[in-house]
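Working notes, beginning with the structure itself.
Taken together, the values in this text are just the output of simple stated rules run on the coordinates, not laboratory data. In this text, all values refer to a predicted model and were calculated from it rather than measured experimentally. Please note: Cβ atoms are built from the backbone with ideal geometry, for glycine as well, and neighbour counts cover all protein chains shown.
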Amino acid sequence: MKFEPWKKQAAEAAVELIQPGMVIGLGHGSTARYALLKLAELLRSGKLWDIQGVPCSKKVEEEAKTLGIPLTTLEEHPELDLTIDGADEIDPDLNVIKGGGGAMLREKVVAQATRHQVIVADHTKFSPRLGTSAPVPVEVLPFGWCTHLRFLEGLGARVSLRRNPDGSPFLTDQGNYVLDCWFGPIPEVQSLARKLESRAGIVGHGLFVDLVDEVFLAGPSGLRRLTR
């Protein structure tokens, strides 16, 4: 719980970037949720208006509707002004690992459609090299999913199938499985991303390379704002 005030501080600072008339991406995860709550508060108070959001997951879509945040789709707005999202790990080049909540594929689609991608996190998510403290989630088709194990292990990963508390495989919003891959510190993030993308049956992964424009990090020493 000690991290929650920092997560809230980072998320609410990023919300200050939102201007009336914007179409924004609504990120998935515990830190991005603070941005969602702050946005709903500003809309209710009339301090912000004429906002539409594109949710990055079914869970975020349901919560945004409950909070009264107007929603739209990428079909209606294929280019977004701003997206605020969280991350599992961030490196000095502002590359990130995402997917702890299993929404990385939709999050990446939204990120690629966004003019300005903002990541919010507490200071513990910052790392000298991706893979130091977080696994890389890899989303795979259920068909033949086990064939990817040796491939991923051949790339240096320790791999496990993500499961629900009852032991059943975790399913993404697309109905796919997630393989959590512990690589350790990754020397060449771009190269690994390309190798993952070349494999049939791997439909997405949590390496977000050259997609983030700005990061808000909060911790004991205050708020840091990092830009590319």
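Annotations
- At R0 = 25 Å, FRET efficiency that the Cβ-Cβ distance of E76 and E41 yields, to 0.05: 0.50
- Taking every DSSP bridge with both residues inside the chain, close to 55 percent are antiparallel.
- Placing dummy labels 7 Å off each Cα toward the beta-carbon, the span from Q19 to H116 is 0.7 nm.
- Averaging Cα coordinates gives a centre for the range 92-120 and one for the range 1-58; these two points are 15 Å apart.
- Å³ per residue enclosed by the Cα convex hull of the range 136-204: 88 Å³
- Three-way shape label, the range 10-83, alpha-carbon gyration tensor, a/c 1.5: rounded
- Cα-Cα pairs of the chain separated by more than 28 Å (percent): 29 percent
- Relative exposure of S198, S160, S57, judged by other C-beta atoms within 10 Å (fewest first): S198, S160, S57
- Net +/- balance of residues flanking L130 in space, Cβ distance below 10 Å, scoring K and R +1, D and E -1: -3
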